[in-house]
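Below is one structure; the comments refer to it alone.
The values are calculated or read from the model by the stated rules, or taken from the named source; none is laboratory data. Values in this document were obtained by computation on a predicted structure and should not be read as measured data. Here the Cβ positions follow ideal geometry from the backbone for every residue, glycine too, while neighbour counts run over all protein chains shown.
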């Protein structure tokens, strides 16, 4: 059997001679959404993901010399279409990237049978962090429960006990994604004595939130936390400006920190914040490589490569690429299997040193995954809109594991019990 280094050389030769290897290689489909009500936020992320893989193919001949076949299957963020895309692509794929908590929850029970890893960076089902129960699911570098905890840490000045007696509104999409932070926020509200008010936004109400913001004006909350996506975020920011809600008391999850949503209000949005596990670095070496190998060749559709979401897309594909590379090196093979990628994703070590080697210093906090930790819990930064762009406004924040880990274990156990027979990897416990 050829070693993966020998396979890499053969693949590189194929690229030079005919390019046919690019049509094969390692198949990593992405369940994209460039259409529908979430297209405005989905498109820059998909552009970043695609461009990173295009860079690796053009500059390095792929990963370990093996080309990456990065293909998109359009879902429009529809759970039904997402499941269809999963079924259509799973036979040859080494990974599935569902790109919706709803799709993730539908695909999750299939993973033990299909033996294909789910990669859902910064989204999906928070208890997926428990690798003993969710052996095939990964949500690095931070979960939604991490995000909610970090937001409370920031708005409380580092002392959640100071929130006692305060009122916090959770303005959230009435969808599995939008409901994700509720268990953590309810637990912390009970512990610290603040009043949590849930204000849902239906899918048909995303662009007309007058009723929700009337309720917010009546509640007079100390803070509004937004768990929104797509058109919902832009509408909410407009309503906040219109109703003169203090923007420095308005904080969003990392999917509510899209440059274009704030540019529409400009200076009026100054002070709005969004927690983020990624940080734009326009001067990072990786950006120069992208210009040379992708942009200047006319192989990118990105409109704003310096934006938060585009660069987050780069980070997401980097995590997948590092999982592939880790698996190749461990198993001494070029064209890895889904089972081997599962091991690679479970043994990620995104250190400061590795980020420097990748030309991505500062674009994501360092983190590691393991058998029992499929998230990594990297921490994150608070980004603040300064009137023209998002800038870093905090040191690296960390989530409170003393709240999160018990919730993860309990929810994972409940999920396994409700979906019997469900295999547990006892070696991880």
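Things to note:
- Residue 380 passes every criterion in (1) within 25 Å of residue 59 (Cα to Cα); (2) in contact with a strand residue (DSSP E or B) (Cβ under 8 Å, 6 or more places away or on another chain) apart from (1).
- Single unsatisfied condition, residue 376 versus (1) in contact with a helix residue (DSSP H, G or I) (Cβ under 9 Å, 6 or more places away or on another chain); (2) at negative phi: (2)
- Among (1) assigned to a helix (DSSP H, G or I); (2) modelled with pLDDT of 50 or more - the single one residue 34 does not satisfy: (1)
- For the range 224-242, the tally of residues that are surrounded by fewer than 21 Cβ atoms within 10 Å (Cβ to Cβ) and either in contact with a strand residue (DSSP E or B) (Cβ under 7 Å, 6 or more places away or on another chain) or modelled with pLDDT of 95 or more (or both) stands at 4.
Yes/no matrix, rows are residues, columns are (1) buried (at least 19 other Cβ atoms within 10 Å of the Cβ); (2) modelled with pLDDT of 95 or more; (3) assigned by TED's automatic domain parsing to the domain that holds residue 154:
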| site | (1), (2), (3) |
| --- | --- |
| 253 | yes, yes, yes |
| 265 | yes, yes, yes |
| 296 | no, yes, no |
| 302 | yes, yes, no |
| 305 | yes, yes, no |
| 310 | yes, yes, no |
| 314 | yes, yes, no |
| 320 | yes, yes, no |
| 331 | no, yes, no |
